[in-house]
């Protein structure tokens with residue numbers, strides 16, 4: 001709210017400055033007010049798209065569209081807010097309207113493809129991406145192209161798109177993790193392990209990549225934890241994952257030991273690991 005309050009200050013400054021204008025300067029005053037309102041509105045839109053509660057942002061942009069239904073900034077803001085609010089079906093419909101606007105951009109078309117993928121509409125997303133010219137080279141476009149290629153099991157295309165996407169961003173950790181997971185599902189465990197390690201080196205807070213790394217190592221019967229930065233809670237969770245992986249490989253004794261270690265490592269009660277160990281022991285007893 002403090003940011004929103006600050007956003008209206010320029011308007012107050014313009015109004016106070018109008019007192020010194022000579023008679024007959026009404027046109028200049030109206031122009032100044034109109035320009036300030038646009039800046040003011042842009043600031044508020046940015047606030048809604050970044051720091052506001054996503055559902056509040058959805059309500060804000062919907063109210064704005066009621067007054068100005070053809071305004072592209074409001075249509076786009078609504079679509080982005082619905083994505084942030086994890087309402088993909090509505091977001092898909094909202095982006096569908098955005099791309100029909102006469103001033104829609106290629107990036108709007110990419111965002112529409114993203115919304116389609118979030119709804120599992122893979123074929124429609126592929127068709128949408130095919131409408132975008134190859135000259136539109138962005139990280140998001142190639143990340144989505146890689147995901148679509150993955151869904152089609154077009155592995156060479158997927159690898160090419162993942163590599164291109166990783167080279168188009170200064171923060172490639174998420175796309176490297178996705179690429180590693182793609183390799184994991186193909187059974188290329190050593191290459192998956194390499195990609196997960198690279199993802200973690202780019203972002204040590206990315207727990208998903210750490211968990212995937214343990215899965216890739218477990219599939220190779222590497223049952224020691226990798227040397228990566230982790231908290232005590234993360235260590236316990238990774239030991240749990242590794243224990244389950246060992247059991248899946250048929251190495252039950254090793255798996256039980258890892259589950260016990262996970263329970264001992266966790267700073268609190270680790271219910272998931274306790275349940276896994278009890279279920280395993282009950283199954284062995286029977």
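Before moving on, here are some points about what is shown:
- Verdict on residue 175 being free of Cβ contacts under 8 Å to residues at least 60 places away in the same chain, in a helix (DSSP H, G or I), loosely packed, with under 15 Cβ neighbours inside 10 Å and touching a helix residue (DSSP H, G or I) at 6+ places or on another chain (Cβ under 9 Å): no
- Every residue from region 148-172 that is assigned to a helix (DSSP H, G or I) and touching a helix residue (DSSP H, G or I) at 6+ places or on another chain (Cβ under 6 Å): 148, 149, 150, 151, 157, 158, 161, 162, 164, 165, 166
- Within region 237-286, tally of residues that are assigned to a loop (DSSP other than H, G, I, E, B) and either on the phi < 0 side of the Ramachandran plot or touching a residue at least 24 places away in the same chain (Cβ under 8 Å) (or both): 8
- Checked against the criterion of being surrounded by fewer than 20 Cβ atoms within 10 Å (Cβ to Cβ), within 30 Å of residue 153 (Cα to Cα) and out of contact with any helix residue (DSSP H, G or I) (no Cβ under 9 Å at 6 or more places or on another chain), the candidates 250, 187 yield just one match: 250.
- Flag for residue 198 being surrounded by fewer than 19 Cβ atoms within 10 Å (Cβ to Cβ), more than 30 Å from residue 157 (Cβ to Cβ) and in contact (Cβ under 8 Å) with a residue 12 or more places away in the chain: no
- Any hit, region 76-95, residues being over 21 Å from the mean Cα position of the chain (by Cα) and free of Cβ contacts under 8 Å to residues at least 40 places away in the same chain: no
- The single condition among (1) touching a helix residue (DSSP H, G or I) at 6+ places or on another chain (Cβ under 7 Å); (2) closer than 30 Å to residue 186 by Cβ; (3) not in a helix (DSSP H, G or I) that residue 103 does not satisfy is (2).
- Residues located in region 145-161, provided they are surrounded by 23 or more Cβ atoms within 10 Å (Cβ to Cβ), over 16 Å from the mean Cα position of the chain (by Cα) and free of Cβ contacts under 8 Å to residues at least 24 places away in the same chain: 161
- Failed item in (1) over 31 Å from the mean Cα position of the chain (by Cα); (2) crowded, with 19+ Cβ neighbours inside 10 Å; (3) more than 22 Å from residue 190 (Cβ to Cβ); (4) at pLDDT 95 or above, with residue 277 passing the rest: (4)
- Some residue of region 211-230 being under 27 Å from residue 121 (Cα atoms), under 23 Å from the mean Cα position of the chain (by Cα) and touching a residue at least 12 places away in the same chain (Cβ under 8 Å): yes
The values are calculated or read from the model by the stated rules, or taken from the named source; none is laboratory data. None of these values were measured; they are calculated from a predicted model. Quick reminder, even Gly has a Cβ in these numbers, built from the backbone with ideal geometry, and neighbours come from all protein chains shown.
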